[in-house]
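J.: One structure, pasted below without further comment.
The values are calculated or read from the model by the stated rules, or taken from the named source; none is laboratory data. This one's a predicted model, so the numbers in the text were calculated from it and none came from an experiment. Neighbour counts are summed over all protein chains in view; Cβ atoms, including those assigned to glycine, are modelled from backbone coordinates with ideal geometry. Heads up: the accessible areas ignore ligands, DNA and RNA and are worked out on the full protein's heavy atoms, side chains in. Shrake-Rupley method; radii C 1.70, N 1.55, O 1.52, S 1.80 Å.
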Amino acid sequence: MKARVVSSGPLLLIAMDSVARAQFNTGAPAASPTPAIHDIRPPLDVFPYPMWMVLAAGAIALLVLALIIALIVRFMRSRPKTPPPTPKEIALKRLQEAEADIGRMEPYAFSIRVSDILRQYVSAQYHLHATEQTSPEFLAAAANSPHFTRADKLLLAEFLGRCDLIKFARVEATAEESKALLEQAVRFVKGETI
């Protein structure tokens, strides 16, 4: 809106051109030489990396992860696998440990120990319930089992008879008799009954 100041004596008149007067009177916005002020826009998300860079970094990360997994699998497969010890190996090791205690243990405790080792071996190796049976029950189960030869059964009967005499009849035994019990147990486990 253009306005002119007109001075005519004591009154100061402001003269407006006709366009400005019409807008002033009608309430319409006046045309302005400055641009209109717009409302505030929301913030823009600006990602600092281009999409190709993000995809390349993701691909490299996947390749590194796949390489690590492949190396772990290869290591696990190449590792030597030791099979678990057999019942025979376990029994022979335990009998060898018992041999070191012949002089230290009384024959009664030693006979119980060797008998338990042999019974656990038979239970694990031949799936007989030797640890839960009395000697006669155990010998009857062994007699019906196809796993034992006649010599095995005789050696087993002799071994259990000696153990029972020491354990139940409280027959005085010596370190030599303990050593003989141990030898019988080792022969039975090794299969040297003949």
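J.: What is the mean projected area of the alpha carbon convex hull for region 26-147, to one decimal in square nanometres?
T.: For the Cα atoms of region 26-147, the hull's average projected area reads 25.3 nm².
J.: So which lysines pass the test for LYS190, namely a Cα distance under 21 Å, with those fewer than 8 places away in the same chain ruled out?
T.: LYS88, LYS93, LYS153, LYS179
J.: What whole-number value in Å² describes the accessible area per residue of region 66-194 for a 1.4 Å probe?
T.: Details: 8380 Å² over 129 residues.
Accessible area per residue, region 66-194: 65 Å².
J.: What is the local net charge at ALA185, summed over the other residues whose Cβ is closer than 14 Å to its Cβ (Lys, Arg +1; Asp, Glu -1)?
T.: Details: positive: LYS88, LYS93, ARG94, ARG113, ARG119, ARG162, LYS179, ARG187, LYS190; negative: GLU97, GLU99, ASP101, ASP116, ASP152, GLU158, GLU177, GLU183, GLU192.
Combined, the nearby Lys, Arg, Asp and Glu give 0.
J.: Counting only Cα atoms, I'd like the Rg/Rh figure for region 100-178, Kirkwood definition for Rh.
T.: 0.99
J.: Work out how far the C-alpha atoms of region 29-92 reach from end to end along every principal axis, then list the three figures in whole Å, largest first.
T.: Over region 29-92, Cα extents along the principal axes are 111, 24, 10 Å.
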